Each structure stands twice: as C-alpha cells, then as structure tokens.
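I have placed the structure first, in the form of structure tokens, so that the comments after it can refer back to it.
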Amino acid sequence: MERPIERSSSVNQVELSAGTIEYEDTGGDGPVLVLLHGLMMDSSLWAGPVADLSADHRCVVPTLPLGAHRQAMRADADLSLPGIARLVGEFIDRLSLHDVTLAGSDTGGALVQLIMAGDAASVGRTVLVSCDAFDNIPPGLTGKALVSAGRLPPALFGMFMQQMRLRPVRRLPVAFGWLTLRGDVATARWVRPVLTEPGIRRDTVRVLRSIAADRQMLVRAAESLPEFTGPALVVWARQDRVMPPEHGRRLAGLLPHARLVEVDDSYTLIPLDQPARLAQAIREFTHVSAAA
C-alpha cells in the first residue's frame with residue numbers, strides 16, 4: 001500500500017523507492033520550481049533564492065541522498081547519479097507536480113542534465129546553475145578529493161571527514177573554499193550528518209564510488225541535450241574556479257532555446273554567494289517563458 005505524504009510546519013517527508021526524502025514546499029499557486037542541490041549539501045543551499053522567489057512561485061526543495069541528508073536510504077537503493085536522477089523523477093510524480101521548472105546547482109545541475117537526456121515529461125523548463133558538465137566530473141579539487149576518499153570503507157571515510165569540523169579546513173580549495181565566497185555557516189551544517197551517522201556515511205561512499213565508476217555519464221547526456229526543446233536558462237559564475245565558465249557557454253549553445261546569464265562576485269554556489277541575483281534571473285526566465 002502506498003504511504004501518504006507527511007507534512008509538518010517545518011519539514012515535509014515523502015516515502016520513495018529508495019527511502020524517506022525530506023523536502024521543503026512553500027506552497028502557493030505560482031509557477032512550480034523544483035530546486036536541486038549538490039554533493040555534500042542539502043536543501044538549505046537554496047534558502048536565499050527561495051526567500052525571494054516564494055513570493056510568486058511554489059518552491060519545492062528536496063534534500064537528496066548526496067551526503068548531507070539526515071535519513072539513510074535503503075540498502076538496495078540505487079545511489080548512482082542516474083539512479084538519483086530517476087529518484088527526482090519519482091519525487092516529482094509522487095507530489096503530482098506538472099510543468100515544473102527544474103533547477104540544479106553543482107551536482108544538482110548534473111542531475112538536471114541526466115533528466116533532460118532521459119524522461120523529462122513533467123519538466124517544462126530547466127535552469128542549470130554553475131554545475132558539473134561534459135568531462136568535468138568529479139569537478140575541481142573538491143570533487144576529485146571526495147571521490148578519491150570514497151574508495152575508503154565507510155568507517156574510514158568518516159574518520160577522513162572529521163577534519164571538516166574545522167573552519168580552516170573547510171575553506172581550503174580541496175574542500176569548500178573554491179565553491180563559495182561567503183557560505184561557511186552552511187558548509188559547517190552540511191558536513192554534520194556524515195560525521196555522526198554511519199548510515200549517511202554508507203550512502204555517501206556509494207554515491208562517490210558510482211561517480212568514480214562512470215566519469216563519462218555527462219558526456220553521453222550532452223549528446224541528447226539538443227533534443228530538449230523546452231526553455232532553458234544557464235546561470236554561471238564568471239569567477240568559477242571549479243566549473244569552467246566555458247562549460248556554461250557550451251551548454252547554452254547545445255540547448256535550442258537557452259539563455260545564458262553570467263554572474264559576478266560569486267564562486268560555484270551562486271545560491272549562496274548571489275541569491276538575489278539568481279532569484280532575479282529565475283523570475284525573469286519563468287515569467288518570460290510562461291508568457292511565450
């Protein structure tokens with residue numbers, strides 16, 4: 001028997017095939033945004049833009065099993081990126097969302113590309129925000145260090161990650177230092193589950209090993225992107241040191257109905273570094289594409 005969606009004033013939960021997914025839902029009758037975060041992050045990545053966009057959009061923000069989630073997934077769950085992309089599709093279907101604007105930052109953008117290249121029936125338009133693309137997976141020093149650490153058994157991976165308790169370590173280029181200019185409070189929160197919960201460490205290692213096993217998945221996905229005929233917005237940080245700005249331009253060139261916006265004074269995590277500018281770009285995009 002299908003379990004009902006559970007809601008509270010703070011955190012919503014939905015039971016999916018992989019396990020329990022927590023999510024935020026602002027409600028409302030405006031255009032529906034489904035916002036995806038990256039590896040070792042949770043839904044709070046999008047808190048700044050959501051505070052702005054929720055005035056005239058319904059913002060739905062899941063915390064995916066990418067390392068900062070709080071409830072471990074089932075032992076048999078498919079935690080490869082394609083598997084998590086399918087889980088996003090299941091999430092959208094389970095909440096009966098239609099004609100959504102699907103947005104992703106960092107690894108979340110990789111998930112959006114995988115969905116665009118597969119079953120995007122419920123997706124009306126997409127937003128790619130400084131994200132993994134083409135052969136840049138795992139991206140930068142951070143991604144490569146994490147995937148390398150993922151070879152360790154979960155217990156040893158947890159010991160390796162203990163150093164992330166320290167702010168000077170989190171600010172290193174091999175950690176979050178080249179991902180955000182301003183977001184250390186968020187990054188400190190994101191690492192807590194993997195430091196304290198064995199089940200979360202197990203899930204995270206499985207995700208990392210799946211990335212190591214298939215580093216061409218986004219190259220293959222890119223071949224199908226020209227077939228996505230919906231409106232697309234590509235938002236990229238001009239100063240990005242992890243996701244090459246040229247990749248943003250290439251993605252915009254592949255998508256038939258894409259617009260490119262480049263953002264100053266930001267590293268990869270534009271939702272943290274420039275939330276108002278990102279919200280403005282998304283609002284303009286959804287309003288223009290809805291009117292077209």
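Here are the numbers for this structure:
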item: Scan of the range 8-29 for residues that are more than 16 Å from the chain's Cα centre (by Cα) and under 24 Å from Val147 (Cα atoms), ordered by number; result: Ala18, Gly19
item: Residue that is nearest to Leu233 (Cα to Cα) [pool: residues in the range 77-108 that are assigned to a helix (DSSP H, G or I) and open to solvent by 20 Å² or more (accessible area, probe 1.4 Å)]; result: Gly89
item: Residue that is most open to solvent (accessible area, probe 1.4 Å) [pool: residues in the range 179-190 that are touching a residue at least 12 places away in the same chain (Cβ under 8 Å) and part of a helix (DSSP H, G or I)]; result: Arg189
item: Hits in the range 233-272 - residues which are surrounded by fewer than 23 Cβ atoms within 10 Å (Cβ to Cβ), farther than 24 Å from Ala221 by Cβ and of a type outside the set (S, T, N, Q); result: Arg238, Asp264, Asp265
item: Flag if Val191 is at pLDDT 95 or above, within 18 Å of the chain's Cα centre (by Cα) and either of a type in the set (S, T, N, Q) or within 29 Å of Arg220 (Cβ to Cβ) (or both); result: no
item: Sole exception among (1) farther than 30 Å from Asp76 by Cβ; (2) without any contact (Cβ under 8 Å) to a residue 12 or more places away in the chain; (3) not basic (Lys, Arg) for Thr196, by number; result: (1)
item: Filter result (part of a loop (DSSP other than H, G, I, E, B) and surrounded by fewer than 24 Cβ atoms within 10 Å (Cβ to Cβ)) within the range 9-41; result: Ser9, Ser10, Val11, Ser17, Ala18, Thr26, Gly27, Gly28, Asp29, Gly30, Pro31
item: Any pair with Cβ under 7 angstrom, 6 or more apart, that starts in the range 30-54 at a residue that is over 30 Å from Ala149 (Cβ atoms) and ends at one that is among the aliphatic types (A, V, I, L, M) and assigned to a loop (DSSP other than H, G, I, E, B); result: Val32/Leu97
item: Selection from the range 109-138 of residues that are surrounded by 21 or more Cβ atoms within 10 Å (Cβ to Cβ) and within 15 Å of Ala237 (Cβ to Cβ); result: Gly109, Val127, Leu128, Val129, Ser130, Cys131, Asp132, Ala133
item: Candidate set from the range 55-70 (those that are without any contact (Cβ under 8 Å) to a residue 60 or more places away in the chain and of a type outside the set (D, E, K, R)); member that is farthest from Arg220 (Cα to Cα); result: Ala55
item: Qualifying residue in the range 126-136 (condition: over 16 Å from the mean Cα position of the chain (by Cα), free of Cβ contacts under 8 Å to residues at least 12 places away in the same chain and over 30 Å from Gln280 (Cβ atoms)); result: no
item: Some residue of the range 195-218 being closer than 30 Å to Leu233 by Cα, modelled with pLDDT of 95 or more, exposed (fewer than 15 other Cβ atoms within 10 Å of the Cβ) and touching an Asp or Glu at 6+ places or on another chain (Cβ under 8 Å); result: yes
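The values are calculated or read from the model by the stated rules, or taken from the named source; none is laboratory data. Since the model is a prediction, treat every value here as computed from it, not as a measurement. Reconstructed Cβ throughout: ideal geometry from the backbone, glycine too, with neighbour counts over all protein chains shown. Ligands, DNA and RNA are stripped out before the accessible areas are found, and what is left, the full protein with its side chains, is counted by its heavy atoms. Shrake-Rupley method; radii C 1.70, N 1.55, O 1.52, S 1.80 Å.
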